[in-house]
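For reference, the structure is listed below as structure tokens.
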Amino acid sequence: MFCILAFIALSIISIFSASHRELAKEAYDCVFRRLTFRPCTTGFKEKMKAKLVGRLLNRSAVAAKLLNKHFELLSWILFLTTVASIFWTGKGLFNFYMYGSCNGLNKSGFCALDPKGENNKVSQTGGSCGTGEGDESKVTLNGVNLDLFPSENIGAKDEVVLIGCYSCDYTRKAYPLVKKLISDNTVNYTFAHYPVKEETLYLLPIGYCAYKQDPDKFWQLNDKLFSSEKSDIARKEFVDTLLKGIGYDIEAINTCSTSPETNSAVVERRIELEKTNIYGTPLVFINDKGLVGPKPYRVYERILKGWKFW
Amino acid sequence: MKQNIVDVVKIRQDFPLFEKGEIYFDNACQSLRPRQVIDAVNEYYNEYPACGGRSMHHLAEKVTYKCEEARTIIANFLHAKRKDEIIFTRNTTEGINLVAHSLGLKRGDVVITSDKEHNSNLIPWQVLKEKFGIEHKIIFSKVDSTFDLEAYQQALNNNVKLVSLGLTSNLDGVTIPAKKIIQLAHKAGALVLLDGAQAVPHHRIDVQDLDIDFLAFSGHKMLGPSGTGVLYGKYTLLDKLEPFMVGGDTVASSTYETHEFLPPPEKFEAGLQDYAGVIGLGAAVKYLSKIGFDFIEQQEQALNKYITEELKSITNLVIIGPNNPAQRGGIISFYIPGKDHHQIALMLDETAKIMVRSGQHCVHSWFQAKNIPGSVRASVYFYNTMEEAEMFVRELKKIVSIL
């Protein structure tokens, strides 16, 4: 057992240390012999055991005696922990590759490959930023009437839904990736504004009225809102300028956005979005699979295309 | 004894390895080299790195002169009749093989060896047995591991053509009664080849006094460079032997069909020689002669006596060979049933940089016959100190206590 353990450990060390490569080769030879049902004749285990016990003996005779006596048992324990460690490392790598997080889809624990948790961060609906502390497994589109929200390519086989906030940094990070995804692929794309900060609450009725007035121009407005400075889109005058620049009838939109009918439509949509169990933005659904936080592009594309690997 | 300690301290300054704090107790495998030997080797490479015995230029002449000087030094060291009785080889093994393959042994000829021979003095005879049908007789040692003269005498007869024995065993350090053995062999009409690998570095050997026919030994066990050795042979015998390896520098002349061999030793020294090694070996022999065998034997015996006494207190430890350390030269070979000899040796290295050998020491046959997995062999030389012996014993006891 020790040979296998040593082979694993020495192989990793050998990547960085040339002086350990010979030992790794010796360990490999031993492992290979064992795998081919031949005795290990190199004396590798004995050599390493003597070295380890000898080194320990200079510090503690008791510890050296214990190591010597239980060398095989300790080798087994270390082997099993090494295997477990390799398994979890592999799983972490796999998850990071597949979902942008070492912990799996919508799991926000620590990930060495994304130490700051950037791929899981959301602007929480309570208003503060965080790594998402809601129940990630419960996000769903079941029972959500997406017909209420701006959509394009209706009827396409695949579906992408972005629920985000114009002033949320993480939605702003995900937005260009989602845009690329929908421009590279024919999908039924739905956007829903879910403001997590007060300064963009006023954009809810404006967005509703803009889409109602001209659905095609709405997507231009959307792009401009995501590409403009957050401080700018918090000012109505700036947004008015944007609307005007795109060719909207500002007066009609202002009238529409203050009407009771719009107010109830906005509330209705907000209630509808709550059904997704959203707890932060961005929340991206790709064919019903919900992704909380901005993910790498490979993750979006892989899920959309149903690929096992990207 | 105090005088010796002072001498050893001075002597140790000649050996660069000791500056690193290593304790070298693997002298039966290979000794250390003093600066004088290293300098001699370096001098060859730096100042006259040419061919000997061939070219006429002054560098070549110097090489030839230096090599012949080394031959003379070694001949004098062994008290050989003439320097032409010294053949340079790579090691003891080559010397034994040279005799084995040059004697012209044939089916029915008997070669006698002992039960404690190094593979170098066992395998050649096994091969000749398989190839030519010679008979190989083994004289088993007495219970105390000394040579059984009685059994030997009984084995001698007219068919015995060669008695080939290790003069001092690398297994237990026991030296055989060579003079008596040779007398008996000669009386029976047999020649004697001695494996002097463990004897020549430690004891004064007078080839004329012992009347040795052939003596093979290695330079690297007696302060010389690695890959150097010597085969001594009586000139009259060497003259009759067919060379084992032939080619460049072994002939006076040749035609497309014929050749004329040079006289010994040249006819046995085929091809370009290890000039640096030969010159270094000459320097090593000079150094050894300066140290003197009285001191060497005294120092080794003192160390062996101390270590043997101390090892007696380790439970179950078995020393291979006679109980009396005086009969074991500088070798202390031991094992503890149930404890791994390799582990002990490796741990001595790890804990205190003490170099010993572990295993079957190329005497597999003896270990197989006794069903002993192997032993730890500490082999001391004149430059080892009592402090090192104390450290060795202390560390060994510490290691054994946790195994």
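The values are calculated or read from the model by the stated rules, or taken from the named source; none is laboratory data. Quantities reported herein were computed from a predicted structural model and do not represent experimental measurements. Here Cβ is always computed from backbone atoms with ideal geometry, including for glycine, and neighbour counts include all displayed protein chains.
Note on region A:9-54: residues that are within 14 Å of another protein chain (Cβ to nearest Cβ) and not in a helix (DSSP H, G or I) total 4. Can you find a residue in region B:25-46 that is hydroxyl-bearing (Ser, Thr, Tyr) and not assigned by TED's automatic domain parsing to the domain that holds residue B:281? Looking through region B:25-46, at least one residue is hydroxyl-bearing (Ser, Thr, Tyr) and not assigned by TED's automatic domain parsing to the domain that holds residue B:281. Cβ-Cβ contacts under 6 Å between residues 6 or more apart (or on different chains), taken from a first residue in region A:246-264 that is assigned to a helix (DSSP H, G or I) to a second residue that is at pLDDT below 95 and basic (Lys, Arg), are listed as A:246/A:217; A:250/A:244. Only one entry in B:284, B:302 is in a helix (DSSP H, G or I), among the aliphatic types (A, V, I, L, M) and either touching an Asp or Glu at 6+ places or on another chain (Cβ under 9 Å) or not assigned by TED's automatic domain parsing to the domain that holds residue B:385 (or both), namely B:284. Determine whether residue B:88 is more than 24 Å from residue B:251 (Cβ to Cβ) and either buried (at least 19 other Cβ atoms within 10 Å of the Cβ) or more than 26 Å from the chain's Cα centre (by Cα) (or both). Judged against the criteria, residue B:88 is not a match. Does region A:193-201 contain at least one residue that is part of a strand (DSSP E or B) and touching a strand residue (DSSP E or B) at 6+ places or on another chain (Cβ under 9 Å)? Yes, the conditions are met somewhere in region A:193-201.
Look at (1) within 30 Å of residue B:284 (Cα to Cα); (2) of a type in the set (Ser, Thr, Tyr); (3) within 14 Å of chain A (Cβ to nearest Cβ) and you find that residue B:401 fails only one, number (1). Closer than 20 Å to residue A:269 by Cα and assigned by TED's automatic domain parsing to the domain that holds residue A:296, is that true of residue A:226? Here the answer is no, as residue A:226 does not meet what is asked. Note on region B:32-53: residues that are surrounded by 13 or more Cβ atoms within 10 Å (Cβ to Cβ) and in a loop (DSSP other than H, G, I, E, B) amount to 8. Taken over region B:353-403, the criterion of being touching a residue at least 24 places away in the same chain (Cβ under 8 Å), under 23 Å from the mean Cα position of the chain (by Cα) and either in a loop (DSSP other than H, G, I, E, B) or in the same structural domain as residue B:169 (by TED's automatic domain parsing) (or both) is satisfied by B:356, B:361, B:362, B:363, B:374, B:380, B:381, B:382, B:383, B:384, B:385.
The set of residues in region A:279-298 being surrounded by fewer than 24 Cβ atoms within 10 Å (Cβ to Cβ), outside any strand (DSSP E or B) and at negative phi consists of A:279, A:296, A:297, A:298. Counting only strands (runs of 3 or more DSSP E) that sit completely within region B:68-187, those holding 3 or more residues that are under 27 Å from residue B:246 (Cβ atoms) correspond to B:86-89, B:160-166. Answer yes if at least one residue in region B:72-83 is hydroxyl-bearing (Ser, Thr, Tyr) and under 30 Å from residue B:292 (Cβ atoms), and no otherwise. Among the residues of region B:72-83, at least one is hydroxyl-bearing (Ser, Thr, Tyr) and under 30 Å from residue B:292 (Cβ atoms), which makes the answer yes. Can you work out which of the residues in region B:260-289 that are touching a strand residue (DSSP E or B) at 6+ places or on another chain (Cβ under 8 Å) and without any contact (Cβ under 8 Å) to a residue 60 or more places away in the chain is surrounded by the fewest Cβ atoms within 10 Å (Cβ to Cβ)? Ranking the qualifying residues of region B:260-289, first place goes to B:260. Within region B:310-348, the set of residues being of a type outside the set (A, V, I, L, M), away from chain A (no Cβ under 14 Å) and either over 30 Å from residue A:51 (Cβ atoms) or within 26 Å of the chain's Cα centre (by Cα) (or both) comprises B:321, B:322, B:323, B:324, B:325, B:327, B:328, B:329, B:330, B:333, B:334, B:335. Listed by first and then second residue, the pairs linking a residue in region B:50-64 that is at negative phi to a residue that is modelled with pLDDT of 95 or more and aromatic (Phe, Trp, Tyr), with Cβ atoms under 7 Å apart and 6 or more places separating them unless they lie on different chains, are B:52/B:275; B:59/B:48; B:62/B:48; B:63/B:48; B:63/B:275. If you check B:87, B:96 for being at negative phi, touching a Phe, Trp or Tyr at 6+ places or on another chain (Cβ under 7 Å) and touching a residue at least 40 places away in the same chain (Cβ under 8 Å), only one passes: B:87.
Would you call residue A:89 out of contact with any strand residue (DSSP E or B) (no Cβ under 9 Å at 6 or more places or on another chain), within 14 Å of chain B (Cβ to nearest Cβ) and surrounded by fewer than 19 Cβ atoms within 10 Å (Cβ to Cβ)? Judged against the criteria, residue A:89 is not a match.
Here residue A:83 meets the list (1) farther than 24 Å from residue B:350 by Cα; (2) within 14 Å of chain B (Cβ to nearest Cβ) almost entirely, failing just condition (2). Considering B:209, B:249, the condition of being out of contact with any Ser or Thr (no Cβ under 8 Å at 6 or more places or on another chain), charged (D, E, K, R), surrounded by fewer than 24 Cβ atoms within 10 Å (Cβ to Cβ) and not in a loop (DSSP other than H, G, I, E, B) is satisfied by B:209 alone.
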